[in-house]
1. For the range 55-69, which positions are of a type outside the set (S, T, Y) and surrounded by 13 or more Cβ atoms within 10 Å (Cβ to Cβ)?
2. Under 8 Å by Cβ, and 6 or more places apart or on different chains, what pairs join a residue from the range 174-185 that is farther than 17 Å from H27 by Cα with one that is in a strand (DSSP E or B) and of a type in the set (S, T, Y)?
3. Could you check how many residues of the range 27-54 are at positive phi and surrounded by 12 or more Cβ atoms within 10 Å (Cβ to Cβ)?
4. Looking only at the range 70-93, how many residues end up being surrounded by fewer than 20 Cβ atoms within 10 Å (Cβ to Cβ) and within 18 Å of H37 (Cβ to Cβ)?
5. Can you tell me how many residues within the range 44-79 are of a type outside the set (S, T, N, Q), assigned to a loop (DSSP other than H, G, I, E, B) and more than 22 Å from E138 (Cβ to Cβ)?
6. For the range 33-75, enumerate the residues that are farther than 11 Å from R94 by Cα and charged (D, E, K, R).
7. For the range 139-166, which positions are within 17 Å of P189 (Cβ to Cβ) and either of a type in the set (G, A, S) or free of Cβ contacts under 8 Å to residues at least 12 places away in the same chain (or both)?
8. Right, E160: among the charged types (D, E, K, R), assigned to a strand (DSSP E or B) and either surrounded by 15 or more Cβ atoms within 10 Å (Cβ to Cβ) or assigned by TED's automatic domain parsing to the domain that holds V74 (or both) or not?
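The values are calculated or read from the model by the stated rules, or taken from the named source; none is laboratory data. These numbers were taken from a predicted model, which means no experiment stands behind them. Don't worry about glycine lacking a Cβ; one is built from the backbone with ideal geometry, like all the others, and counts go over all protein chains shown.
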Amino acid sequence: MLRIFLWIQAFVQVLSVVTLAPPQNIHVNKWQLTWTHASEKEDVSYTVQYRSFDTSVWKDVQACVQTFSTSCNVTSTKAESEHGCVMLRVRAERQGLTSKPVKACSRHGDSCTPEVSLTARPGSLTVFLSGNNSMALEYADHAKHRVYYGKEGESLQKYEDALYSVSIPGLEEGQRYCIRVQYMLYDKPVGPESCTQCEVIPGSEYERQQTAIITAVVVVVVVLILIPAIAYILIFQRGRIKKCLQPPCKIPDNFLLEPFPEHHILSSTSSPSEERYDVITAME
């Protein structure tokens, strides 16, 4: 009977180890690591670990071993790596039980984590990455980005290595895909990964709808703004329009009706050899 009881107790302890919830929302920002509680129980503690570029061994951050806090300053780990970048993870502990450790990610790009932005197109996802980073400037083509991708809810096992931005083709339309990115130096991971970002892959129909919406907006703008503006100009600004269309010089109004001077006519029709005669004004 005692043996059965011990077996049951051992089984419960093993089950507790498996089901001990790990910490969540583990983020690092400027060497400040934060996370949220694994469970509502107050006796859960946490241990922060780090791993440098040139080793596969995880070491404890001495200032954050079995702490009940949900934050840890990990600036001290910067000196432990040749490049000043380390990977971080946190595990929960309770009454001698240990949860699965969870790696930290960074929401903001810095010298240890890439800055990432996404654009989804029908059948593909473009991941925009900056080639102007400290890793690339120092190590050139030896420093790359490793882009992990997959459907939301799945383990992101597939990846593409790229120096700059990369486009991932052949994705299912209407499905939500997620990515995370990490620096790679000589094919070894460096620093924390970027936090997971997800986008829905639009379909061709969606793109047509977007084009139709944009066209409708343009038509509305033309009808509501341009046409009334043109009508206002033609109706109320006709005088200014005519003034602008007038020629630069003004022709006198009586230019064609003005008679020539009499001496002008005489000088043009008489000559010095001709005799002068009196003009007969009346005859009986």
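1. If the condition is that a residue be of a type outside the set (S, T, Y) and surrounded by 13 or more Cβ atoms within 10 Å (Cβ to Cβ), then W58, K59, V61, A63, C64, V65 are the ones that fit.
2. Y177/Y149; C178/Y149
3. Residues in the range 27-54 being at positive phi and surrounded by 12 or more Cβ atoms within 10 Å (Cβ to Cβ): 1 in total.
4. Looking only at that region, the number is 4.
5. Going through the range 44-79, the residues of a type outside the set (S, T, N, Q) turn out to be 44, 46, 48, 50-51, 53-54, 57-61, 63-65, 68, 72, 74, 78-79.
Now narrow it down to the ones that are assigned to a loop (DSSP other than H, G, I, E, B): 44, 53-54, 57-58, 61, 65, 68, 74.
Filter again for more than 22 Å from E138 (Cβ to Cβ), leaving 44, 57-58, 61, 65, 68, 74.
The total comes to 7.
6. Scanning the range 33-75 gives E40, R51, D54, K59, D60.
7. Hits for the range 139-166 are A143, S155, Q157, K158, A162.
8. Criteria met by E160.
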